[in-house]
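Please read the structure below before turning to the comments.
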Amino acid sequence: MLYTWSLFIASTVFLIGIIYRIIGFFRLNIGPDRAEFTTADRVKAFLLGLLDILISPVRMFHLFKTIILDVVLQLPLMRQDSLKWFMHICIYWGFFGLLFFHALEGYVSEVIFSNYMSTLNPFMALRNMAGVMVMGGIAIAIYRRKTHFRLKQISKRPDYLAIVLIAVIMISGFGLEAAKIISSGVFDEMVAEYGFMDYDEELPALKAVWQEEFNVYFPGEPIPVTPELMELGWMVNEDNCAACHANPRWAFVSYPVSIAMKPVAGFFNRNRLDLLLLNIHFLSCFFALAYLPFSKFRHILTTPISLIVSGLAGQQIKRNENKATRRVFDLSACIQCGTCTSHCAVGPLYEIFDNPWVFPSERVIRIRESAWGRPMDKESRDAFSQGSFLCTMCNKCSQVCSAGMNLQDIWKETRDQLAEEFLPDPVIRIRELCRKKQSQKVGSKAPVVLKAGKNPVVESLKKSLQAGAFSQCYTCLTCTSTCPVVGITDEIREFGSAPHQVIHALILGQTDIAKDASIIWNCLTCYKCQENCPQGVRITDIFYQLRNMVHQQEFGI
């Protein structure tokens, strides 16, 4: 009853979750809303794209090629990181081996193999092999998350929950099989249902064989073992059991575990703890099934599809409706492996800003949560905006993504959405603030007055690595002459429109007007001014430092 009801509940939750996710793939948007793309439009575009593949022999060839090379063998991952590839292969093949040939044995194994029985060989050995593969993959995953610098920084509770849940399923599975091996209760049930023998003479002989060769423990039943009894027992075993039960030594993991359990076998058998392990095993499996659509486990279903789409179309999907669908789908395909973060050019900025959304893998999680309806408060929104605009859009993350995600497109759309929400690039935001301040000062500007004494800001700039030589400037205007921004605007009459004006203001101690200079925020950071300065003044670096000072002053970060 417990098994039936728990399976029904888990299956129902799983199906509801899958339907909810599928509807979301065609309904939600990443980036600015595009009202012209209705859910029906996106479903229609998806079906048309699928039809294009089915009617094209060339695309069908590429489809099967992608499935074999990218999904089944995962060759791109092998070229990228052999240890990570081995981990994925172990978990991937081990999991699906257990799913199809053990959990779904009535629908797969019994159909494919006419003589299939879970207690026969090679099926026992193959089941143990699949379990060992999954456990080996889990061990590698734990090792990588504990030793890899970036993975340690981005690992969260759901990552470890996933590892623990899989470990519970595997350990309870091996423990259950070992408990069944030593269980006299399981033996008695088998004999009662399938045995046809003389219970007074032949049953003790059969028990002797199963005690000595099959490692069954019969508490409170001293069974004398003689050659004659063993010979009779083997004959009874051949007539009643051999067709369904092979020697459990083929279960090369469960059998040693059953030997280790021998000292507590009496306690196990008297309390039928094999039934407790059975309940733990199937309940943990059903919990994982129900949890799958709402957890990182869903990548088991979505990542292969994402790899296929990436293999067929790459980043060149034609229909805008399918682009919108792929963005939402890709977020669910993320396996949170941290590869993008490990290769991110701006990842080291985390140590400066202490902002986890500098990492692409963390932004994926936050974008997914936002798309599915989880809002952010203003402080988090500002931090997320900072992390998004620190990205250099180098596309390295998409190139190394294990799930084939088009992250570049997601970043672009996210930035567009932030801009619509009045959260553009921080440099643009501060430039607009400076312009606003300048407009407020029109008509009320006071003449520049030299300030007596030392200016602490100027002194800090003088002491800094970036700006230590700015006082060496002798107003040759080389920086302004080589500046492409000045070359385009051809306007240096207004203060703050040329690099040399900022340097002169700093020399005079006028840090407030220097920080408001438009050239600081219009600067292309091409470094031409700095490279051509005959005095070696680090002009561009000074601009960077002034930007950081204003950013900290305006936003506190």
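The numbers here are math on the coordinates, done by the rules we state, and not lab data. Remember, predicted model here, so these are calculated numbers, not experimental data. Cβ coordinates were reconstructed from backbone atoms using ideal geometry, including for glycine residues, and neighbour counts include every protein chain displayed.
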(request) With an 8 Å cut-off on Cα pairs and a minimum separation of 6 or more residues, tell me the relative contact order of the range 302-408 in percent. (result) 39
(message) Strictly greater than 25 Å: what percent of every Cα pair in the range 1-123 meets that?
(response) 59
(request) Would you please put 241-252, 538-549, 75-86, 190-201 in order of how densely packed they are, using the mean number of other Cβ atoms within 10 angstrom per residue and starting with the highest? (result) 538-549, 241-252, 75-86, 190-201
(request) Calculate for the chain the 222 nm mean residue ellipticity that helices alone would give, adding -39,500 (n - 2.57) per DSSP H run of length 4 or more and normalising by residue count, nearest 500 deg cm²/dmol. (result) -20000 deg cm²/dmol
(request) Any aspartates and glutamates with Cα under 15 Å of the LYS180 Cα? List them, leaving off those in the same chain fewer than 8 positions away. (result) ASP188, GLU189, GLU213, ASP274
(message) Please compare each pair in LYS84/LYS296; LYS412/LYS515; LYS44/LYS396; LYS156/LYS262; LYS318/LYS412; LYS207/LYS262 to a cut-off of 27 Å on the Cα-Cα distance and tell me which ones are over it.
(response) LYS412/LYS515; LYS44/LYS396; LYS156/LYS262
(request) Give the Debye-formula value of log10 I(q)/I(0) at each listed q (0.09 Å⁻¹), with one equal scatterer per alpha carbon of the chain, two decimals each. (result) -0.84
(request) Report the local net charge at GLY404: Lys and Arg +1, Asp and Glu -1, summed over other residues whose C-beta lies under 13 Å from its C-beta. (result) -2
(request) In whole angstrom, note down how far apart the Cα centers of the range 368-407 and the range 155-207 are. (result) 47
(request) Calculate how steeply helix 273-291 sits against the longest principal axis of the alpha-carbon atoms of the chain, using the helix alpha-carbon long axis, and give the answer as 0 to 90 degrees to the nearest 10. (result) 30
(request) Between beta-carbons, use under 11 Å as the cut-off and find the net charge around ALA313, counting Lys and Arg +1, Asp and Glu -1. (result) +4
(message) Nearest 10 degrees is fine. How inclined is helix 299-313 to the longest principal axis of the chain, computing both from alpha carbons?
(response) 60
(request) Grab the other residues whose beta carbon is less than 13 angstrom from that of GLU362, score K and R as +1, D and E as -1, and report the net. (result) +2
(request) Positive end of the charge dipole of the chain (Lys, Arg +1 and Asp, Glu -1 on Cβ, about the Cα centre): tell me which of LEU312, ALA498, VAL191 has its Cα farthest that way. (result) ALA498
(message) If every alpha-carbon in the range 299-424 counts as one equal scatterer, what log10 I(q)/I(0) does Debye give at q = 0.16, 0.20, 0.23 1/Å?
(response) -0.76, -1.19, -1.51
(message) Between helix 320-333 and the chain, what is the angle of the helix's C-alpha long axis to the longest principal axis, kept within 0 to 90° and rounded to the nearest 10?
(response) 60
(request) Starting from one equal scatterer on each C-alpha and no solvent at all, send me the Debye-based log10 I(q)/I(0) for the range 55-121 at q = 0.23, 0.24, 0.25 Å⁻¹, two decimals. (result) -0.90, -0.93, -0.95
